[in-house]
Amino acid sequence: MNRDEICIIIPSRIGSTRLKNKPLLDINGKTLIQRVVINALNITENVYVATDSGLIKDNLKQITNNVVMTSPEHISGTDRVCEAANKLNLDDNTFILNLQGDEPFLPNELISNVINDYFKNLSNVITVSTNISSDEDLKNPNCVLVEIDNNNYATSFVRTGSIKNPKRHVGIYGYNFKTLNHLVNLDPTKNELKYKLEQLRFLENNYSIYVSHYNEYIPDGIDTEDDLKAASDYLLNK
């Protein structure tokens, strides 16, 4: 596979409600967004950050100039990624990997698996699941759950509630540029807005989502002060 046909875009907004200026928070000497970018650069040089913040752009100057300024009005990371992709004038068939800006420790093997699985399967969208680590995951609204059919396609996403054989959803999405443009031109669905789960827009408009399962441990993303401390501890114990 030609790595030039892969583009990683990381949406990163400044206005987080739970952690103020979350992308700029320090984790053992580097900011959160710096760590996400450095990790992605292990996969391809085609890594861009899509942001609404000059502060984030300035913070990344020592690592990359691949920053695309986007509107502060987007309601989802997918919409922000799409604006950036259009500004980059990507080819319709370019595979775009949307990596969340608050997941600094995603294993490189996981990301490579997603890319490979996308090209092996005929799906509109690809995402990732991993195993439930404890009963607390089932009750934690920050831990999104995915239900998967026998062919590894997603049938439902929930924050809490009862679904068959739940897996923990990992917020990574992949699609080609043409599909991405179609997705963002769909109206947000009521459930997407209600549950703040952009992937429900895809499912409810009959777009297929293949789920690449990863069995190994994935460090948590950064949503709370506790996550921030856990990330620091993780680095100290590596």
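Derivation of every value follows stated rules applied to the coordinates shown; laboratory data play no part. The structure presented is a predicted model; accordingly, all values stated were derived computationally and were not measured. No Cβ is skipped: glycine too gets one built from the backbone with ideal geometry, and neighbour counts run over all protein chains shown.
Here are the numbers:
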{"item": "Considering residues of the range 45-56 that are out of contact with any Pro (no Cβ under 9 Å at 6 or more places or on another chain) and not in a strand (DSSP E or B) only, the residue surrounded by the most Cβ atoms within 10 Å (Cβ to Cβ)", "result": "Asn46"}
{"item": "Of the criteria (1) of a type in the set (A, V, I, L, M, F, W, C); (2) over 19 Å from Leu106 (Cβ atoms); (3) more than 18 Å from the chain's Cα centre (by Cα), which one Ala230 fails", "result": "(2)"}
{"item": "Looking only at the range 7-40, and only at residues there that are surrounded by fewer than 20 Cβ atoms within 10 Å (Cβ to Cβ) and either under 17 Å from Val81 (Cα atoms) or of a type in the set (Ser, Thr, Tyr) (or both), the one that is nearest to the chain's Cα centre (by Cα)", "result": "Arg13"}
{"item": "In the range 57-100, residue surrounded by the most Cβ atoms within 10 Å (Cβ to Cβ) [restricted to those that are assigned to a loop (DSSP other than H, G, I, E, B) and touching a Gly at 6+ places or on another chain (Cβ under 8 Å)]", "result": "Gln100"}
{"item": "Of the criteria (1) under 19 Å from the mean Cα position of the chain (by Cα); (2) part of a loop (DSSP other than H, G, I, E, B), which one Asp137 fails", "result": "(2)"}
{"item": "Residues that are in a loop (DSSP other than H, G, I, E, B) and not polar (S, T, N, Q), drawn from the range 101-125", "result": "Gly101, Asp102, Glu103, Pro104, Phe105, Leu106, Pro107, Leu122"}
